[in-house]
1. Would you call Pro98 surrounded by fewer than 16 Cβ atoms within 10 Å (Cβ to Cβ) and not in a helix (DSSP H, G or I)?
2. For Ile7, which of the numbered conditions (1) assigned to a loop (DSSP other than H, G, I, E, B); (2) modelled with pLDDT of 65 or more fails to hold?
3. Please enumerate the residues belonging to region 95-147 that are touching a residue at least 24 places away in the same chain (Cβ under 8 Å) and among the aliphatic types (A, V, I, L, M).
4. Restricting to region 108-136, name every residue that is open to solvent by 10 Å² or more (accessible area, probe 1.4 Å), closer than 20 Å to Pro80 by Cα and either in a helix (DSSP H, G or I) or hydroxyl-bearing (Ser, Thr, Tyr) (or both).
5. Count, please, the residues in region 137-151 that happen to be of a type in the set (Asp, Glu) and open to solvent by 10 Å² or more (accessible area, probe 1.4 Å).
6. Specify the residue that is surrounded by the fewest Cβ atoms within 10 Å (Cβ to Cβ); the eligible residues are those in region 75-94 that are touching a residue at least 40 places away in the same chain (Cβ under 8 Å) and part of a helix (DSSP H, G or I).
7. Hey, can you tell me all the residues within region 96-121 that are within 11 Å of the chain's Cα centre (by Cα) and under 24 Å from Gln76 (Cα atoms)?
Amino acid sequence: HAPIMIILDNPGAREDREGNAMVCGTRQTVQEAVYDSGLGQGQVYVTYLLKRRPVRAYDKEKTRAICAKHLQQQLQVQNPSIVVCLGNVVVQSFFRNPDLDMKGLRGNWHQVEGYPTVVSYHPLAARRRPNLYPLLREDMRLASARLKAYL
């Protein structure tokens with residue numbers, strides 16, 4: 001029951017090609033941004049829109065709609081004080097608007113279904129394009145500052 005819920009698109013790989021356990025680049029970057037923003041252990045709950053990593057082509061809209069129901073259940077159970085949506089797929093699903101672009105929304109607070117919400121770049125985008133990482137960190141700091149104001 002952490003006060004901040006971070007939502008990513010999918011869990012990503014948990015093993016390398018040889019089957020060895022690993023932490024994927026997305027999770028590494030999220031951990032780094034959380035740490036850099038001053039958030040501590042127990043303050044962040046990470047979840048996913050899709051509950052498993054896609055391994056082949058699938059009906060994206062149908063799958064996202066089904067998984068959005070599970071996410072709504074998680075929101076009710078977790079009842080976070082703040083929601084952080086990372087990446088366009090999550091933003092479009094959580095805001096229920098397929099035309100939204102995360103870039104135009106980041107850096108500001110939004111109220112979505114009663115939850116104070118901040119959006120930012122997907123960690124993998126920030127990893128692939130290091131100039132985006134400071135923006136991801138800035139958005140995480142926005143969430144951190146709001147949480148500190150609540151406490």
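1. Taking the combined requirement at face value, the residue satisfies it.
2. (1)
3. Answer for region 95-147, where residues must be touching a residue at least 24 places away in the same chain (Cβ under 8 Å) and among the aliphatic types (A, V, I, L, M): Val112, Val118, Val119, Leu124, Ala125, Ala126, Leu135, Leu136, Met140, Leu142, Ala143, Leu147.
4. Tyr115
5. Qualifying residue count, region 137-151: 1.
6. Within region 75-94, the match that is surrounded by the fewest Cβ atoms within 10 Å (Cβ to Cβ) is Gln78.
7. The answer is Thr117, Val118, Val119, Ser120.
The values are calculated or read from the model by the stated rules, or taken from the named source; none is laboratory data. Everything numeric here is computed off the predicted structure, so don't read it as measured data. FYI the Cβ positions are ideal-geometry reconstructions off the backbone, even for glycines, and counts take in every protein chain you see. All accessible areas refer to the heavy atoms of the entire protein, side chains included, with ligands and DNA or RNA removed. Shrake-Rupley method; radii C 1.70, N 1.55, O 1.52, S 1.80 Å.
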